[in-house]
Amino acid sequence: MIWLAGAIGVLLLGWVLLRALATASVAQVKRGALWFLIGMLLAGVALLLLTRRLPQALGLMLPLMPLLLPAVRRWLGRRRFGAAPPDQGVSTLETPTLAMRLDQASGTLSGRVRTGPFAGRELGEMPLEDCLALLAQCHVEDPESVPLLEAWLDRAAPGWRQASPGAGMDRAEALAVLELPEGATPAQIRAAHRRLMRQAHPDHGGDAWRAARLNQARDLLLKPRP
């Protein structure tokens, strides 16, 4: 009777899984397969622990580690960008503001703006001034996009930092931008930056150019003195 109940349970579970596979997207199937493999791995480790054979299994796996480590490193290196079909060789990553593409064969990084005043434009077709305005906007509204856009600018326009709003800013100017006196502590610098960044938000009548200057002033003042 127990075996019959177990068989019925297995059949019901298989039916549920088949229905889930029929309606799931490719991403959901991949995610489910990953969790299934993780579960099987954990079950195997638990079984080895119960049977006290884990040391033997580890001894068998150790010679394979030099072969597995390079594959793990490659997988981790590609985690920032989505996996691409083998025939395309292009990885993609989307943030609220950007849709970035990385050609794995050539290493070329490109992107398109998804939202805001520059929506629909390719980064490669935008003048540097517009890219810097977009960067300042991301500092205010979408911090997740900042490192991606900076990485693209480092490749496409290596001298962009010298052309940014705060280029050439000295300590006195940075203090003035953040409305701070000389001798302000790091905590006071961060607090002033947060307060003024809220005012610089476009919803409060601010603009992206001012936000970029505020970020530059904060970074300059928080940088350790030589």
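The values are calculated or read from the model by the stated rules, or taken from the named source; none is laboratory data. Worth saying up front: this structure is predicted, and the values here are computed from it rather than measured. Neighbour counts are summed over all protein chains in view; Cβ atoms, including those assigned to glycine, are modelled from backbone coordinates with ideal geometry.
Here is a check on your reading of the model: is residue 126 surrounded by fewer than 18 Cβ atoms within 10 Å (Cβ to Cβ) and in contact with a helix residue (DSSP H, G or I) (Cβ under 8 Å, 6 or more places away or on another chain)?
Spelling it out, residue 126 is indeed surrounded by fewer than 18 Cβ atoms within 10 Å (Cβ to Cβ) and in contact with a helix residue (DSSP H, G or I) (Cβ under 8 Å, 6 or more places away or on another chain).
Do you know which of the residues in region 97-110 that are part of a loop (DSSP other than H, G, I, E, B) and among the hydroxyl-bearing types (Ser, Thr, Tyr) is surrounded by the fewest Cβ atoms within 10 Å (Cβ to Cβ)? Give the steps one after another, and end with the answer.
Kept after step one, since they are part of a loop (DSSP other than H, G, I, E, B), are these residues of region 97-110: 97, 104-108.
Filter once more, so that each one left must be among the hydroxyl-bearing types (Ser, Thr, Tyr): 97, 106, 108.
Values: 97: 22, 106: 9, 108: 12.
The residue in question is 106.
Results for (1) within 23 Å of the chain's Cα centre (by Cα); (2) surrounded by 20 or more Cβ atoms within 10 Å (Cβ to Cβ); (3) modelled with pLDDT of 90 or more, shown as yes or no for each residue.
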| position | (1), (2), (3) |
| --- | --- |
| 132 | yes, yes, no |
| 157 | yes, no, no |
| 162 | no, no, no |
| 168 | no, no, no |
| 178 | no, yes, yes |
| 181 | no, no, yes |
| 187 | no, no, yes |
| 192 | no, yes, yes |
| 200 | no, yes, no |
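Would you point out the residue of region 111-138, among those that are without any contact (Cβ under 8 Å) to a residue 60 or more places away in the chain, of a type outside the set (A, V, I, L, M, F, W, C) and assigned to a helix (DSSP H, G or I), that is nearest to residue 154 (Cα to Cα)?
124
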